[in-house]
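Asker: Here you go, one structure.
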Amino acid sequence: MTTPTQDTRDRVIRMEGKVEQLERKIDDLDAKVTEMHQLLTQAKGARWMLMLMIGVGGFVAAKITPLLQYTFGK
């Protein structure tokens, strides 16, 4: 049985550092997602308002697009 070389041990140490860093990032993202979920479940009216604003924005964008073509078109 062969013993690991110093290079292999160094790679394992670097890999452990990267795994710890990824775990911290995942924990941070989990906290952010949990906070967003709590905000959305608390503000049901705001969720409906957001959907309404998205719909109105889409309608306005659809109606403005032909005007922009005439204004800036060839």
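The values are calculated or read from the model by the stated rules, or taken from the named source; none is laboratory data. This one's a predicted model, so the numbers in the text were calculated from it and none came from an experiment. Reconstructed Cβ throughout: ideal geometry from the backbone, glycine too, with neighbour counts over all protein chains shown. Areas reflect the complete protein model, heavy atoms only, side chains present, ligands, DNA and RNA absent. Shrake-Rupley method; radii C 1.70, N 1.55, O 1.52, S 1.80 Å.
Asker: Residues that are of a type outside the set (A, V, I, L, M, F, W, C), part of a helix (DSSP H, G or I) and modelled with pLDDT under 90: does the range 24-34 have at least one? Talk me through it step by step, then tell me what you get.
Answerer: Initial filter on the range 24-34 (of a type outside the set (A, V, I, L, M, F, W, C)): 24-25, 27-28, 30, 32, 34.
Add one more test, that the residue is part of a helix (DSSP H, G or I), and what stays is 24-25, 27-28, 30, 32, 34.
With the extra rule that they be modelled with pLDDT under 90, the set shrinks to none.
No, the range 24-34 contains no residue that is of a type outside the set (A, V, I, L, M, F, W, C), part of a helix (DSSP H, G or I) and modelled with pLDDT under 90.
Asker: Oh, and also: Of the numbered conditions (1) of a type outside the set (Val, Ile, Thr); (2) in a helix (DSSP H, G or I); (3) out of contact with any Lys or Arg (no Cβ under 7 Å at 6 or more places or on another chain), Leu40 fails exactly one; give the number of that condition.
Answerer: For Leu40, the failing item is (3).
Asker: Taking the range 52-74 on its own, how many of its residues are open to solvent by 100 Å² or more (accessible area, probe 1.4 Å) and assigned to a helix (DSSP H, G or I)?
Answerer: 9
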